[in-house]
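Presented below is the structure to which this report refers.
The values are calculated or read from the model by the stated rules, or taken from the named source; none is laboratory data. Predicted, not measured: the structure shown is a model, and the values here were computed from it. Backbone-built Cβ (ideal geometry, glycine too); neighbour counts: all protein chains shown.
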Amino acid sequence: MSITELLLIAAAFGFAISIGAHYTGACMGMPYAAGAIRPARALLLMAPLAFVGAAIASEGVESTVGHGILRSTPVALGLALAIVVSALVLTSAYNFLTLPTSTIQILVFSAVGAGRGAGVAIDWTTIGTLLVLWAVAPFAAFALGFVYVRAADRARPPGPRTARLGRGAVAGLVGVGAAASFAMGANDVSNASGALVMTGLFGLLLAGVVGGLGLAVGVLTWGRPLLRKVAFDVVQLDPRMAISSQLAQATVILVSVAFGLFTSMNQALVGAMIGTGVARGQSTVLWKTVRTIVTGWAVGPVSGLALGFALAALLARAGVI
């Protein structure tokens, strides 16, 4: 195995670790915020479920990343390395800043930028499909979160007990967090391991397994700061709202994955959280924090495009690509 191949595998695994840490809040933030589970237990539950989701349910999305973005089969090792390093650097930087962004959008725009920097054709049909999905997903999650809370409130009007954690609420919160963790593994592992499929180094199953291991390591070693950021800074939640938010997010993500597409865990969750907040009155939504997160979403794709282009152009000039 060449040095470039080893570097690519190491970078992809490192990126998977970063992704696992990045999405702890998006998966287990609601159970943690509501007091249904302690941080250590939340991470211990999330890690194996993320691995299983990556290992058994990610093949469609792996194929989209591996074969549907760049029109080059296989993709040159140097080009794949530029894509992964660009996305890894940016995601790690946003993790350090505890700013929730979309690693999917960073990865896709890093691939577009790197492809342009190396003179490789882009499959704009795939990019267009993803852009439409990314625009629709937060609104779909918003609507589902709104509907879930309203339906629950109609079935049993909110009162003092709504804010308390009974056994049913605890089980519901932990259950939807578990579902979101599985969905994250299926949805996000290809951000890291898709580059291994691009180059033909790994098949779809092996890419999912290796990437899933990286996700689990990231959850367990670096996940706690992002867990708190999403859990407490966006919406003032009661248990019913928390369950509805996480369930709406998981629904949107798993439907997308079923079609071989992927969308942002954070965007789906924040959309769902705002939907539940609006269902109860807009005063529950912390709009200042929402604006900060939206700014991060805007910066992520632009920075991915720029860094991917620069790295690929540099490697092309050096003769690596």
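Details
- Test: residue in region 179-187 that is in contact with a helix residue (DSSP H, G or I) (Cβ under 7 Å, 6 or more places away or on another chain), outside any helix (DSSP H, G or I) and not β-branched (V, I, T): no
- For I56, the conditions (1) buried (at least 19 other Cβ atoms within 10 Å of the Cβ); (2) among the hydrophobic types (A, V, I, L, M, F, W, C); (3) closer than 18 Å to L254 by Cα are fulfilled apart from (1).
- Restricting attention to region 148-188, the residues being surrounded by 14 or more Cβ atoms within 10 Å (Cβ to Cβ) and either basic (K, R) or at pLDDT 85 or above (or both) number 24.
- Some residue of region 300-316 being more than 20 Å from F109 (Cβ to Cβ) and either modelled with pLDDT of 90 or more or among the acidic types (D, E) (or both): no
- Matching entry among S102, S92 (being at pLDDT below 90 and farther than 22 Å from G277 by Cβ): S92
- If you filter region 246-261 down to residues that are closer than 13 Å to F182 by Cβ and not hydrophobic (A, V, I, L, M, F, W, C), you find that the one that is modelled with the lowest pLDDT is Q246.
- Condition check for A87: surrounded by 24 or more Cβ atoms within 10 Å (Cβ to Cβ) and of a type in the set (G, A, S): yes
- When G128, G119, G113 are checked against the criterion of being more than 23 Å from G20 (Cα to Cα), crowded, with 23+ Cβ neighbours inside 10 Å and not hydrophobic (A, V, I, L, M, F, W, C), a single residue qualifies: G113.
- Some residue of region 148-169 being part of a helix (DSSP H, G or I) and in contact with a Gly (Cβ under 6 Å, 6 or more places away or on another chain): no
- Looking across G113, G35, G119, one residue alone is at pLDDT 95 or above and more than 16 Å from the chain's Cα centre (by Cα). It is G113.
- For beta carbons closer than 7 Å, sequence separation of 6+ or different chains, a first residue in region 63-88 that is under 15 Å from T4 (Cα atoms) and a second that is crowded, with 24+ Cβ neighbours inside 10 Å and of a type in the set (F, W, Y), the qualifying pairs are V84/F15.
- Residues that are of a type in the set (G, A, S), part of a helix (DSSP H, G or I) and without any contact (Cβ under 8 Å) to a residue 60 or more places away in the chain within region 89-131 comprise A93, G128, listed in sequence order.
- Of all residues making up region 1-50, the number that are without any contact (Cβ under 8 Å) to a residue 24 or more places away in the chain and in a helix (DSSP H, G or I): 5
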